[in-house]
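**Q** Sharing a structure with you now.
None of the figures in this text is laboratory data; all of them are computed from the coordinates on show. Just so you know, these numbers come straight off a predicted model, no measurement behind them. Here Cβ is always computed from backbone atoms with ideal geometry, including for glycine, and neighbour counts include all displayed protein chains.
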Amino acid sequence: MTTELLPTTPPLRSRLPNVGTTIFTVMSSLATEHRAVNLGQGFPDFDCDPALLESVKLAMEGGHNQYPPMTGVPALRQAMAAKVQALYGRPVDADREITITAGATQAIFTAILAVVHPGDEVIVLEPCYDSYVPNIELAGGVVVRVPLTPGSFRPDFDRIAAAIGPRTRAILINSPHNPSGTVWTEAEMLQLQDLLAPTNVLLISDEVYEHMVFDGEAHQSALRFPGLAARAFVVSSFGKTYHVTGWKVGTVVAPAPLTAEFRKVHQFNVFTVNTPVQHALASYMANPAPYLELSAFYQRKRDLFREGLSQTRFRLLPSEGTYFQCVSISELAVPERDLPEGDFCQWLTREVGVAAIPLSAFYGNGFDQKVIRFCFAKRDDTLFEALQRLNRL
Ligand code: PMP
Ligand code: GLN
């Protein structure tokens with residue numbers, strides 16, 4: 001007699017036991033459920049330039065629909081090289097030093113997988129973007145968390161220096177910074193360059209908000225600093241720059257030996273990235289105006305949003321770049337100000353009709369400083385609607 005076995009799914013030991021659904025997805029779902037104005041997850045609620053859509057259509061109709069080269073469409077890599085030279089003064093080899101990726105998220109993960117061996121330490125500066133830590137853990141790396149200075153979110157070089165040891169393989173930085181909106185100064189980048197100079201520590205520089213820097217300041221790309229560029233994977237995202245976050249196309253610029261290792265992983269990770277979109281981006285990049293004008297575009301929205309919030313009891317933190325505005329909730333007149341940030345954001349979404357992201361989501365230990373993040377990459381009428389709802393606080 002045969003034994004009838006019920007079909008069962010074998011039990012798993014999770015590779016990421018502490019990870020649930022990302023806060024961005026959670027808050028966007030809650031915003032939809034409660035018809036709240038979604039200033040949580042960072043994405044524009046307006047469409048991209050119709051000319052860019054036309055370029056994609058032309059590329060598709062022009063037969064650019066099969067696998068592109070593994071490293072990315074040459075015209076797009078060349079356009080990136082030209083931009084890096086023009087903006088950051090660094091000549092880069094489009095064939096050996098630039099790779100097109102499926103967004104910044106894949107770029108960062110692939111860079112980590114390419115260089116981090118099990119047991120290697122990787123320094124992250126908290127608060128940090130939520131993919132970094134799971135990426136390091138999946139590579140078998142050891143996460144070393146160094147806080148940015150509480151209150152100002154500036155890098156604390158004494159603490160970074162103290163965290164560097166014989167097992168440190170890389171440090172991950174992000175400027176302009178999500179979630180705080182701070183932008184590293186030239187002096188800070190020089191300090192990092194000096195600190196890393198005597199070490200073999202690699203740099204992963206997440207620069208997805210490079211074209212959103214306000215008040216006349218310049219983005220201090222790692223590519224401007226020879227000592228940093230020589231050890232760096234510099235990550236950009238077309239999604240942020242051209243209002244197309246759903247397209248998931250980005251780039252990594254890195255010296256040839258780093259790029260060679262990066263591509264070994266990339267080819268077995270995604271292999272290639274959407275062909276017609278790459279062709280469209282390449283021709284669209286011929287005109288630098290859209291990215292050169294982006295800071296002014298978002299600065300106007302930042303100012304409009306800050307002006308409205310200044311009528312409330314939210315205390316505004318500086319927003320030097322990105323499309324995020326952080327506020328302290330500790331001086332609000334409502335009792336919910338005493339809730340943990342995450343619960344406050346849920347309440348704000350449900351009862352006030354505006355979604356936001358708690359800063360605690362960007363810390364491994366859920367550090368609660370009574371600060372939440374709004375995204376102002378929204379149409380003016382969306383921002384006015386949100387401000388009207390927030391006005392009672
Ligand atoms: N890094 C940071 C700091 C981000 O804010 C984002 C956007 N969510 C990403 C990386 C990921 O960018 P992409 O959508 O191109 O993967
Ligand atoms: N980067 C965006 C944010 O910080 C969204 C990222 C995501 O949804 N994973 O809100």
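**Q** Cut-off is 10 Å between beta-carbons; in what order do H177, H34, H117 appear when sorted fewest neighbours first?
**A** Starting with the residue having the fewest Cβ neighbours, the order is H117, H34, H177.
**Q** If you don't mind, another one. So for the chain, if I pair up every lysine 8 or more residues apart or on another chain, how many of those pairs have alpha-carbons under 18 Å apart?
**A** Working: K57/K248; K83/K240; K240/K248; K240/K301; K240/K378; K301/K378.
So the count of such lysine pairs works out to 6.
**Q** Right, something else. Counting only Cα, what are the radius of gyration and maximum Cα-Cα distance Dmax of segment 282-393, in Å?
**A** 15.7, 53
**Q** So how compact is segment 54-145: Cα radius of gyration and Dmax in angstrom?
**A** Considering segment 54-145 through its Cα atoms, Rg and Dmax are 17.0, 49 Å.
**Q** On to the next question. Roughly how compact is segment 98-248, stated as its Cα Rg over 2.2 N^0.38 Å to two decimals?
**A** 0.98
**Q** Based on other C-beta atoms within 10 Å, arrange K248, K57, K378 from fewest to most.
**A** Going from sparsest to densest Cβ surroundings: K57, K248, K378.
**Q** Hey, how many Å between the Cα centroid of segment 57-90 and the Cα centroid of segment 166-212?
**A** 26 Å
**Q** Suppose a student asked you for the relative contact order of segment 253-393, using Cα pairs under 8 Å spaced at least 6 residues apart; what percent would you report?
**A** Worked out over segment 253-393, it gives 22 percent.
**Q** Could you work out the relative contact order of segment 335-393, using alpha carbon pairs under 8 angstrom and six or more residues apart, expressed as a whole percent?
**A** On the way: 58 pairs, mean separation 17.8, N = 59.
For segment 335-393, the relative contact order is 30 percent.
**Q** Arrange the following residues from fewest to most other Cβ atoms within 10 Å of their Cβ: Y209, Y284.
**A** Details: Y209 27, Y284 21.
Lowest count first: Y284, Y209.
**Q** Just the number, please: Stokes-Einstein D of the chain in µm²/s, Kirkwood Rh from C-alpha pairs, 25 °C, 0.890 mPa s.
**A** 111 µm²/s
**Q** How high is the relative contact order of the chain, given as a whole-number percent (alpha carbon pairs under 8 Å, six or more residues apart)? Don't skip to the answer; put the middle values down first.
**A** Details: 751 pairs, mean separation 94.8, N = 393.
Averaging sequence separation for qualifying contacts and normalising by length gives 24 percent for the chain.
**Q** I've got another one for you. What is the Cα coordinate range of segment 28-73 on the first, second and third principal axes, sorted by size from largest, in whole angstrom?
**A** Result for segment 28-73: principal-axis Cα extents of 43, 25, 15 Å.
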